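Contents: one structure, followed by commentary.
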Amino acid sequence: MADMKLPTRSEDFSEWYNQLVLRAELADYAPVRGCMIVRPYGWALWENITAALDQRFKATGHMNAAFPLLIPRSFIEKEKSHVAGFSPELAVVTHGGGEKLEEPLVIRPTSETIIGHAYAKWIQSYRDLPLLINQWNSVVRWELRTKLFLRTLEFFWQEGHTAHATAEEAEAETRQMVDVYTDFARNEAAIPVIPGRKSEAEKFAGADITYSLEAMMGDGKALQFCTSHNLGQNFAKAFEIRYLDKNGVLQFCWTTSWGLSTRVVGAIIMVHGDDQGLIFPPRLAPHQLAIVPIFKSDEEKTTVLENARKLQRELIDAGVRVKMDEREGISPGFKFNDWEMRGVPLRLELGPKDVAKASVVLARRDRPGKEGKSFVAQQGIAAAVKQQLDEIQQALFDRALAFRNSHTVEAESYDEFKKAVETGFAFSWWCGGGDCEAKIKEETKATMRCIPLEQPGGSGSCVYCGNRSAERAIFAKAY
RNA sequence: CGGGGCGUGGCUCAGCCUGGCUAGAGCGCCUGGUUCGGGACCAGGAGGUCGGUGGUUCAAAUCCACUCGCCCCGACCA
């Protein structure tokens, strides 16, 4: 049964990822190149992600809305760096109702422009500010090379767009959302992220400052988890988003935008997964616990299933997301492997022996084999399950953090630096110069991921040019 | 857009070089039976315009031309 096994992560990380996404039924390829069908199991994960975020957005005063998919092409052209950044990857609608359109329509690659247009109408006074709106939608960017979840032509995300009276407020909002995302990443996705600032070269087309959260994948490469942009007055000026202040003076607004996409599904796969398959963090897992009933005879089947259903109800009532595996004609061993491949964090095995002892076997996904199995009394099962789920959640975070730490080098020399980015992150002094950044990219394929908000202090010499530098930056090969 | 690879039942592929019987295998699927505490087994069965178009030939999955699509690697990106 060799072909039931996945390629190992060490022999071919990329192929491991591709096969796992398909086999675990998270997603499938669509008829159009670069597009993805998100299957129910993958969408269930995304729904849990959206729920965790949406609740945080609302708690910080944002409301959801829906803006149109189609944008007049001229809108994109109003902000000059925005055009330059997005033009190459636009999908354009030229015909409608069988007629050639007067003005081509762009399928949104992001919604700053159409939202800016609306904000210009809605905002008149300082009393209208701040305006705090988010939308859940999909956008289209004509990418050349795609990979399921990580980069697809169409991807699902949320984009928040806010307008403020002052630069300080806009910056505070931008930073607040960095904190919201960081909290989500660490506490829900169990992914240790590094919040930081992007370089001029890497920032969003049209932003004054871009913050991002960077995460290390299981192969040592970096993935941008999400971004939060301080757009300054760039879009406010392009779309004339203005308000009258208390003194009756007409002012331009200060705007922000921030987004997180289905890419984080890829991050979760690549951070936590092992050679056996997926491992989902309990807080986001579609099924937190899978029940595998074990029996031979019909009598055993009756008693085991009856007991299993009772436990299922009890756990559901306690708020645990439970999947009962009643598939017939499939051996328990197969089911064990199947749920492990699909990343269910906890498995409950229940056979005649367990029924007799009024206990169950709990098997932790993060600890393969016997080591992760424990016998647990049915009395008080819900509490025991919840405790183990919490432990797994924490263990996944700890493991990811330990991995990142062991693959991060505070490289001082360029030689050290080059070695570091082959296997992980280099955290090095950088002068901030675009020339050094470009040369490094050219020579090592590693890019400036971010200048972490958290700095060691002091100063050192730039890892490339040797000039005095006040900040360290993360460099890595990235997805 | 450059480089590489591949299109044959749902999936992975063999067959192609050197044209020739009803086009094969494994997995999966359906039916029945025996199994079932770490990826079970036996028997029977369903399922294919060999990516497309054109050409060569008595004869094309196989040779030729064109074409479409996908995957992988690079430059661009969340």
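Charge dipole (Cα centre; +1 on Lys/Arg Cβ, -1 on Asp/Glu Cβ; no other charges) of chain A amounts to roughly 440 debye. Taking other C-beta atoms within 10 angstrom as a stand-in for reagent exposure, A:Glu442, A:Glu328, A:Glu422 fall in the order A:Glu328, A:Glu442, A:Glu422, fewest first.
In summary, the aspartates and glutamates within cross-link reach of A:Lys80, defined as a Cα separation below 16 angstrom excluding same-chain residues under 8 places away, comprise A:Glu89, A:Glu112, A:Glu200, A:Asp208, A:Glu240.
The magnitude of the dipole of segment A:1-58, with charges of +1 and -1 set on the Cβ of Lys/Arg and Asp/Glu and taken from the Cα centre, is near 220 debye.
Among A:Trp157, A:Trp430, A:Trp339, A:Trp142, the order by Cβ neighbours within 10 angstrom, fewest to most, reads A:Trp142, A:Trp157, A:Trp339, A:Trp430. From least to most packed, judged by other beta carbons within 10 angstrom and beginning with the fewest, A:Ile268, A:Ile440 follow the order A:Ile440, A:Ile268.
Cross-link partners for A:Lys78 among the lysines, with Cα-Cα distance under 17 Å and sequence neighbours closer than 8 places in the same chain left out: A:Lys121, A:Lys237. Evaluated with a Cβ-only charge set (Lys, Arg +1; Asp, Glu -1), segment A:218-334 carries a dipole of roughly 660 debye about its Cα centre, given to the nearest 20. Work from the charge dipole of chain A (Cβ charges, +1 for Lys and Arg, -1 for Asp and Glu, about the Cα centre) and give the residue of A:Gly266, A:Ser359, A:Ala51 farthest towards its positive end. So the residue we want is A:Ser359.
Measuring between their Cα centroids, segment A:448-479 and segment A:277-305 lie 48 Å from each other.
The separation of segment A:192-210 from segment A:229-263, counted between C-alpha centres, amounts to 18 Å. Projecting the Cα positions of A:Val21, A:Val292, A:Gln135 onto the charge dipole of chain A (unit charges on Cβ atoms of Lys, Arg, Asp and Glu, taken about the Cα centre) puts A:Val292 furthest along the positive direction. Taken as Cα centroids, segment A:330-353 and segment A:125-187 sit 39 Å apart, rounded to the nearest whole angstrom.
What pairs in A:Lys198/A:Lys439; A:Lys301/A:Lys357; A:Lys100/A:Lys147 have C-alpha atoms more than 23 Å from each other? Don't jump to the answer; show the numbers that get you there.
Working: A:Lys198/A:Lys439 17 Å; A:Lys301/A:Lys357 16 Å; A:Lys100/A:Lys147 33 Å.
Flagged as over cut-off: A:Lys100/A:Lys147.
Rule-based calculations on the coordinates, nothing more; no lab input. The shown structure was predicted, so the numbers you read here are calculated from the model rather than taken from an experiment. Note that each Cβ is placed from the backbone with ideal geometry, even for glycine, and that neighbours are counted across all protein chains shown.
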